[in-house]
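A short write-up of the structure that comes next.
The values are calculated or read from the model by the stated rules, or taken from the named source; none is laboratory data. Being a predicted model, the structure only gives us computed values, none of them experimental. Note that each Cβ is placed from the backbone with ideal geometry, even for glycine, and that neighbours are counted across all protein chains shown. These area figures cover heavy atoms from the full protein model, side chains too; ligands, DNA and RNA do not enter into them. Shrake-Rupley method; radii C 1.70, N 1.55, O 1.52, S 1.80 Å.
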Amino acid sequence: GMHKKVNRVLEAMPYVWQAEKDTALVIAGGVTDNTKILKKQAADLQNEKIGNVYFIDNFPNEDKEKIFRMADIFISLSEMESFGIVLVEALNAGLPVVASKNCVARYIIDEGETGSLVEPACLTEVAGALIELLSDDGMRNRFAENAREKAREVYHPRRILDKWEDIISDVAGN
């Protein structure tokens, strides 16, 4: 739906394409009432020969890793995620993340280390974060490495179980 703010990503892309014209935007996810509107918005951009947008609709969960592997950067401006599992999955795939600073992402993404936190209302900020990562291979690779490391160290199931065991033993007073 609109709450995912994919429309804002599309609105920021003309700025990105001015600087990085070979960039393609891939929008992957379940089809909603909003998908038609987004496809129309993308078609308008493509008709103006500004840049390429691809949609991968209703893909099976096991394809998610393949889709992540095609990408250089993951962007999600949604402010409605409760835990932000998709952000962790992106980190785990070694993708630098651009996300909204107004949500759970600020607890998951380390600014300047694993990604950038942006104000979705500010298109130039969104575009600027993407351009910075697209134009600087060194930075993108460093963020990717940091992302994998953070996913391993913080979000590995074993780490999470250890934390729960600590919490439970604290609560139990051991």
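Taking the 1.4 Å solvent-accessible surface of the chain as the whole, the part contributed by carbon and sulfur is 52%. The GluC sites (Glu not before Pro) found in segment 26-98 that occupy coil by DSSP, while having at most 11 further C-beta atoms within 10 Å, are Glu48.
Taking one quarter of the surface of the convex hull spanned by the alpha-carbon atoms of segment 71-110 gives a direction-averaged projected area of 2.4 nm². Under 5 Å from the amide H of Ile56 lie the amide H atoms of Ile27, Ala28, Gly29, each residue being 5 or more positions distant or on a separate chain, with H modelled from the backbone and absent for Pro and chain starts. Once C-alpha pairs closer than 8 Å and six or more residues apart are averaged by separation and normalised to the residue number of segment 93-174, the relative contact order reads 30 percent. Estimated from helical segments only, the mean residue ellipticity of the chain at 222 nm is -16500 deg cm²/dmol, where each DSSP H run of four or more residues counts as -39500 (n - 2.57). Over segment 75-151, what number does the Rg to Rh ratio reach, with both radii from the alpha-carbon atoms and Rh per Kirkwood? Radius of gyration over Kirkwood radius for segment 75-151 works out to 0.94.
Ligands, DNA and RNA are left out, and with a 1.4 angstrom probe the accessible area of segment 1-143 is 53 Å² per residue. Cα gyration tensor of segment 17-80, axes a ≥ b ≥ c as square roots of the eigenvalues: rounded (a/c below 1.5), prolate (a/b > b/c) or oblate? Since a/c reaches 1.5 but b/c is at least a/b, the shape of segment 17-80 is classed as oblate. Over segment 106-162, the reciprocal of the mean inverse Cα-Cα separation, the Kirkwood hydrodynamic radius, stands at 12.5 Å. Once the Cβ-Cβ distance of Ile67 and Lys163 is raised to the sixth power relative to R0 = 22 Å, the FRET efficiency obtained is 0.15.
Using alpha-carbon pairs under 8 Å, 6+ residues apart, how would you state the relative contact order of segment 1-109 in percent? RCO, segment 1-109: 28 percent. Taking every alpha-carbon pair within the chain, the share separated by more than 23 Å comes to 42 percent. Phi angles across segment 153-169 convert, under the Karplus curve 6.51 cos²θ - 1.76 cosθ + 1.60 with θ = phi - 60°, into 3J(HN,Hα) values of 6, 9, 10, 4, x, 4, 4, 5, 4, 4, 4, 4, 4, 4, 5, 5, 5 Hz, Gly and Pro given as x.
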